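Inspection log for the structure reproduced underneath, given as structure tokens.
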Amino acid sequence: MLCPASCLPLLRELAQWRCLLGWHRHHGVSASSAVGLTANTGQQQQLQQGSEVRARASRPIGYTKPLLSSQFSSAGCLLSLHHSEKPDHEEVCEFRPYTCPCPGATCKWHGSLEAVMPHLMHVHKSITTLQGEDIVFLATDINLPGPVDWVMMQSCFSHHFMLVLEKQEKYEGHQQFFAVVLLIGTRKQAENFAYRLELNGIRRRLTWEATPRSIQDGVAAAIMNSDCLVFDTSIAHLFADNGNLGINVTISMF
């Protein structure tokens, strides 16, 4: 027969196993399934880690999106651009098609820079062309109601320039005149020239000097940025003669 004192260590060990088994039963998992759950969880973590490694390996190191050609590459643009840079470049690309530079016209023509002058001469025959670097641009009947445009061409230094005087009604009863010179050429070519507009009257003179705009920019951009000679009706009448306004135009080359 065993001594009660010698049985105490065995009883304490049995009590510990009961507590362990009771805890697993309380959570609905047996001791054997708890061991299996731990093993399965480890396998799932390994599988997840393995899939992440494979996914990273499938992406080339230093991968970037390919560069794109300009939509005007067929016209001569050789640039290759990132997709985020492409829209901004194409907005100012020197090889984009030119539109008809005549202000206020409904002409929908567009084509290459070399085709602009032939278009103007064949379609807009009413535009007068004067030769020389110093001419007089005569705008007749400046008192005509509503918005009016006066256009003339000036040819010098082996280039053609478009002279534009535009009258706009900013609000009822208040009209303004805008005079500007455009180069039939690129923005880079325009930087080689300067122009001066001058209104002369009795003991009066109004002068504007600037770099001509390219026809790529157009008259509207010059007016919007106030990059032109601006005067109102009262000033126009000071320099006009019987409703006609003469503007001296001088082109110089750097």
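The values are calculated or read from the model by the stated rules, or taken from the named source; none is laboratory data. Note that the structure is a prediction, hence the values are computed from the model and not measured. Heads up, the Cβs are rebuilt from the backbone with ideal geometry, glycines too, and the neighbour counts pull from every protein chain shown. When the accessible area is computed, the model is the full protein with side chains, heavy atoms only, and any ligands, DNA or RNA have been set aside. Shrake-Rupley method; radii C 1.70, N 1.55, O 1.52, S 1.80 Å.
Odds and ends about this structure:
- Centre separation in Å (Cα based) which lies between segment 144-213 and segment 230-254: 9
- Within the accessible area of segment 212-254, the carbon and sulfur atoms contribute 52%, probe 1.4 Å, all protein chains present.
- Size of charge dipole - segment 130-187 - debye, nearest 20, with Cβ of Lys, Arg +1 and Asp, Glu -1, no other charges: 180
- Local electrostatic count at Ile142 - Lys and Arg +1, Asp and Glu -1, tallied over other residues with Cβ under 11 Å: -1
- Taking label positions 7 Å along the Cα-Cβ direction at both Glu114 and Arg203, the computed distance is 5.7 nm, reported to one decimal.
- Selection of trypsin sites (Lys or Arg not before Pro), segment 178-220, meeting DSSP coil and at most 15 other Cβ within 10 Å: Arg203
- Sequence ranges 121-134, 170-183, 234-247, ranked by mean other-Cβ count within 10 angstrom, highest first: 170-183, 234-247, 121-134
- Computing Rg and the Kirkwood Rh from the Cα coordinates of segment 114-238 gives a ratio, Rg/Rh, of 0.95.
- Dipole magnitude of segment 122-221 about its Cα centre (Cβ charges: Lys, Arg +1; Asp, Glu -1), debye to nearest 20: 140
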